[in-house]
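Input: a single structure, listed below in structure tokens.
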Amino acid sequence: MPTIIATSSTNTIDAGPAWSRWSPTPNGQDGPTQIAEHVGREYRLPDGRQLVAVTGGPLEIAGLPVTVALRQTPAQGGDIKLIDGTGVLYRMCGLGEKCAIDSGKASTSRHLLLRREALELALYSFRYLAVDEAVVFLPPRKGEDPTQAVYFRRADADLRNAVAKPLDATLVRQTPSVSGVTRSPDAQLVNTITTPKLFTFSFTQANQDARAFLVLDPLSGN
């Protein structure tokens, strides 16, 4: 289970103001669960209900450790990159069939809001947990299977820059609504960071090995 990094004045990444108004506590539940519950409550449907239920835990499936298999497009070279490291996995579920959001209609605005939520989960994880990577499974459209994931790596320059400064410098303090997310001051940054990190995902178990591969394929156009 990913551990919570100490956040005393001698162990924080910077010596300036607190990175965020909230942080997970070592004496509470495990870090990913605390982050999932805190961030999940910040995002709401137009009727005021929570947008999705969010769960968090180590990067594993059915008890098997997961290795990320990042498959490049032919234009990118066509290679398969196997990425090991300590990771965290978050799942978003809209509580409808196959975890689809059970009210309202899918839209580009709602998808952007879900990606903003995924980014916030990753930023909290990289700031407060001893993890190298974060995977967030997005809810599907109604009638479809879950296929989309957002994959973040701490080593990516845009993530390093965001973690090095207070959260409010990346994501505005007021969580936007579905109808207002495209007008939020952070909308362009959220789109820029998350769009290249969108993938379709599938799992496969390694031959004669007690592990699973999380296969990530770039979405068309990424």
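The numbers here are math on the coordinates, done by the rules we state, and not lab data. Treat the numbers as computed from the prediction; the structure is a model and nothing was measured. As a convention, Cβ positions derive from the backbone with ideal geometry for all residues, glycine included, and neighbour counts pool all protein chains shown.
Brief remarks follow.
- Restricting segment 123-222 to trypsin sites (Lys or Arg not before Pro) that sit in a DSSP loop and have at most 14 other Cβ atoms within 10 Å of their own Cβ leaves 173, 211.
- Each Lys and Arg contributes +1 and each Asp and Glu -1, all at the Cβ; summed about the Cα centre of segment 31-218, the dipole is approximately 460 debye.
- Length-normalised contact order of the chain in % [C-alpha pairs under 8 Å, at least 6 apart]: 23
- DSSP-assigned coil residues among GluC sites (Glu not before Pro) in segment 91-146, each with at most 14 further Cβ atoms within 10 Å: 144
- Rounded Å value of the spacing that divides the Cα centres of segment 75-115 and segment 145-168: 13
- Computed packing ranks the peptides 90-96, 56-62, 70-76, 42-48 as 90-96, 56-62, 42-48, 70-76, most packed first, by mean other Cβ atoms within 10 Å.
- Only helices reaching 18 angstrom along their own axis (Cα) with mean Kyte-Doolittle hydropathy no lower than -0.5 count here, and for the DSSP H runs of the chain these are 108-128.
- Compactness of segment 31-218, taken as the C-alpha radius of gyration over 2.2 N^0.38 Å, stands at 1.00.
- From helices alone, the chain scores -6500 deg cm²/dmol at 222 nm; the rule is -39500 (n - 2.57) for each run of n ≥ 4 DSSP H residues, then divide by the residue total.
- By DSSP, the beta bridges lying fully in the chain are antiparallel in about 75 percent of cases.
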